[in-house]
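Below is one structure; the comments refer to it alone.
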Amino acid sequence: MNNHQKIIEYKGHLSYEEIGTLLNRMTLRLSDMGLKLPVKKRIYSVMVEILENIYKHKSDIINETHLSSFELEKEGNEFKIESGNIVERDSVDSLKTKLDLVNSLDETGLKELYKNTILNDKISEKGGAGLGIINIAKISGRKINYDFRNINGQMSYFTVNVKLKF
């Protein structure tokens, strides 16, 4: 018996309107699955953070070969969220540093980093303070798997994979 179910899949140019559509579709699909509210909230929260990160941090360079992507799947007692988008090459090192720091921390360390990030109040040009990555790790309780594939000297394709166990 196949215990694998694709819930949502998206590939294209992500807009705020499309984010709303994806969140609504996900909410309906999870309700149809009979999941309890705390489970739906955790999935929803991680999905919001990932979609906002794609939208806020995507490259302004349009590349029809490497579109933004998002996928939510259920596999056994886990939900897997995968995303991908183009980022400018000069932001790769800072993203890796942030992700590696978040992945090195336990629950207490993540709470402390979250608090310090809020207190330092450093907002990037794109409107983020790095709280999304911290939230994803806190909510999932797991490491964030990621990869950067060089496209050319200006761009890399950034993928994120997060698993939530229930």
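Couple of notes before you dig in:
- Cβ-based charge dipole, the chain, positive-most Cα from 61, 137, 13: 137
- Computed from backbone phi with θ = phi - 60° and the Karplus coefficients 6.51, -1.76 and 1.60, the 3J(HN,Hα) list for the range 42-58 is 5, 5, 4, 4, 5, 4, 4, 4, 5, 5, 5, 5, 4, 5, 6, 10, 5 Hz; x is used for glycine and proline.
- Between residue 41 and residue 112, the contour length at 0.36 nm per residue exceeds the alpha carbon distance by 23.3 nm.
- Hz values of 3J(HN,Hα) by residue in the range 94-100 - Karplus curve (6.51, -1.76, 1.60), Gly and Pro given as x: 5, 5, 4, 4, 5, 5, 5
- Expected-Rg normalisation [2.2 N^0.38 Å, Cα atoms] applied to the range 4-165: 1.02
- The gain in end-to-end length when the residue 166 to residue 5 segment is fully stretched comes to 56.5 nm, 0.36 nm per residue minus the alpha carbon separation.
- Structure note, pairs 58/115; 56/143; 36/58; 36/96; 11/115: Cα-Cα distances above 30 angstrom occur for 36/58; 36/96; 11/115.
- Helical runs assigned H by DSSP (4 residues or longer) give the chain a calculated mean residue ellipticity at 222 nm of -15000 deg cm²/dmol, each run adding -39500 (n - 2.57) before division by the residue total.
- Sorting the Cα pairs of the range 13-109 by distance into bins of 5 Å, from 0 upward, gives 2, 10, 19, 21, 18, 15, 10, 4, 0 percent per bin.
Taken together, the values in this text are just the output of simple stated rules run on the coordinates, not laboratory data. Because the structure is a prediction, the values reported are computed rather than measured. Here the Cβ is made from the backbone with ideal geometry for all residues, glycine too, and neighbour counts use every protein chain on show.
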